[in-house]
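Beneath this line is the structure, given in structure tokens, with notes to follow.
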Amino acid sequence: MTEPAAYRVLARKYRPTTFADLIGQEAMVRTLRNAIASGRLAHAFVLTGVRGIGKTTTARIIARALNCAEGPTDKPCGICIHCTSIAEDRHVDVLEMDAASRTGVNDIREIIEGVRYRPTQARFKIYIIDEVHMLSTAAFNALLKTLEEPPEHVKFIFATTEIRKVPITVLSRCQRFDLKRVDSEMLAAHFANIAEKEGVTADAGALALIARAADGSVRDGLSLLDQAIAHGQGKVDEALVRDMLGLADRIRTFDLFEAVMKGEMPQALDLLGQSYASGADPAVVLEDMLELVHWLTRVKLAPQLAEAPGVAEAERVRGKSMATALSMAALTKSWQLLLKGLSETRNAPSPLSAAEMVLIRLAFAADLPSPADAVESVKRNPPQPPAQNISLPPSGGGARAVAGGGTSYEAAPAPQAQAHLPMPQTFAETVALFAERQEPVLHAHLQASVNLVHFEPGRIEINPMAHAPKDLANRAGALLTEWTGKRWVVSISNKQGAETLRGQELEQVAKQKADAARHPLVQAVLAAFPDASIEAVRSAPTPETAPVVFDTMSDMPNQDEDL
């Protein structure tokens, strides 16, 4: 009895072995083929890109192309001892090293010692170092000299997913190739070809979902296809893949987004609940909505995209209809809200609750006008002075729901027209007006923080100090206009201006104290009391305001008489 051969996963079974088998990397393949054909081969290559797009595979293909018995050739035969040994990872002159597990300078020292010896069997001794960015700084430094001037029989091929972590001194000594993500349509076609070779029936929609979930990685996509084949027992359909990936139904995503944009929140929350009950992650639901918004935006800008091959009938018909109905402002706003809500949902303790709040926020934001529409509306209907005051309920809530779903307010009777104040004729009168109208902050700054340059009723020119508010002139002018009913212009000047009102008051007080100090009687008092000082100077009372003084009791009036 013989045991059945071990199963090889699709990612290994259909690993490319020639440049022609590589998909999605046409620029790199063309450059390498031309270099091999012309003999202009670099001594070191660095291959960079995301996972699963063929970095290590490309390195092995380069090794086969250089060491093939018919080579160097861009079409290795695949049957010679060198091609088969390299494919089976057992060639003595093609050495692969995982830098993630061998990061030290001692590991690099082995390479440095080995490059001095010529290859045992092949044309070149090739070192393939995977995840080269994991090498330590000392290891990179030890490799530099050998990498710059290696022997003619040695080639280095580096592979990395983190090209920014590789020192620039290393990159400058290598020929760099950036492997790009493989397009979803190309991936889907590649998966269809493999499914046919495997004798598996696969729907185009199912392969498109797998290609989209692979995110440009061939290996990831083949792993998902392998899983889908096992899940469906040889038949891969769209419903099976959606269930396997935990994706929300595409039609349900259309229904959900349409309900949200129409403001039909009971239906929207019910659809979200159904998706959650069927096993869909709330974050995945929002991701599907984000993809739908992106699709609708592209269709709105380029309607021919909806007619492209591979687009499902439901997406073609319904997508064009929704893209036409929705404005560009609504689509871009939806994208921003969903993108922000997606991160909130992923980090929330209850993802379902967070997703529901995202949909509610999106529904209510859809009714808001865009900034351009709001500005245009204000231009068409400039705001008018209120004809009546709105009396709010004691609870503080301004709105009260009515039967029709609207809002009503209790309006107080219109007040009588406010009487305007007379125009002040001096700057001091103007500043005093702010104290009368209970504007203490502005009053204090106008007194102590501005130098008056020019004043006339309706026009003030001031030079504010550094600590004065930036909007002092605008606020003062607006309030004076409101109080007097006439236009006031308060402008800023760089001229020095007069002393502040507060400064003038202090100068007046100092002058009064100096005058009082020269009075003989005051000088006599100060001489008699050396520690005394003049604290304040008050005007003497006039005869009309002087208190009544009685020298004797007989001069006092009777109790019944009025004083």
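The values are calculated or read from the model by the stated rules, or taken from the named source; none is laboratory data. This one's a predicted model, so the numbers in the text were calculated from it and none came from an experiment. No Cβ is skipped: glycine too gets one built from the backbone with ideal geometry, and neighbour counts run over all protein chains shown.
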Among (1) among the hydroxyl-bearing types (S, T, Y); (2) surrounded by fewer than 17 Cβ atoms within 10 Å (Cβ to Cβ); (3) within 20 Å of L66 (Cβ to Cβ) - the single one Y127 does not satisfy: (2)
Restricting attention to region 315-336, and to residues there that are under 23 Å from the mean Cα position of the chain (by Cα) and surrounded by 14 or more Cβ atoms within 10 Å (Cβ to Cβ), which single residue is farthest from L290 (Cα to Cα)? A329
If H91 passes every condition in (1) under 46 Å from the mean Cα position of the chain (by Cα); (2) not in a helix (DSSP H, G or I) but one, which one does it miss? (1)
Taking the criterion of being exposed (fewer than 13 other Cβ atoms within 10 Å of the Cβ) and at positive phi, would at least one residue in region 81-101 satisfy it? yes
Picking from A510, A476, A498, the residue that is among the small types (G, A, S), under 30 Å from I534 (Cα atoms) and surrounded by 15 or more Cβ atoms within 10 Å (Cβ to Cβ) would be A498
Matching residues in region 172-191 - criterion: being hydrophobic (A, V, I, L, M, F, W, C), surrounded by fewer than 19 Cβ atoms within 10 Å (Cβ to Cβ) and over 14 Å from E26 (Cβ atoms): A189
Within region 337-367, can you find the residues that are surrounded by 20 or more Cβ atoms within 10 Å (Cβ to Cβ) and among the β-branched types (V, I, T)? T345, V358
Tell me which residues, restricted to region 217-251, are in contact (Cβ under 8 Å) with a residue 40 or more places away in the chain, under 22 Å from L296 (Cα atoms) and within 29 Å of the chain's Cα centre (by Cα). L247, A248, R250
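Looking at K145, K180, can you tell me which residue is outside any loop (DSSP other than H, G, I, E, B) and charged (D, E, K, R)?
K145
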Pairs returned, first residue in region 121-137 that is assigned to a strand (DSSP E or B), second residue that is surrounded by fewer than 19 Cβ atoms within 10 Å (Cβ to Cβ), beta-carbon separation under 6 angstrom, 6 or more apart or interchain, are K125/P119; K125/H153; Y127/L95; I128/E96; I129/M97; D130/T56; D130/D98
Which numbered condition A248 fails, given (1) of a type in the set (A, V, I, L, M); (2) more than 14 Å from D288 (Cβ to Cβ); (3) in contact with a helix residue (DSSP H, G or I) (Cβ under 6 Å, 6 or more places away or on another chain); (4) modelled with pLDDT under 85: (2)
Identify all residues within region 209-228 that are at pLDDT below 90 and β-branched (V, I, T); write none if there are none. I210
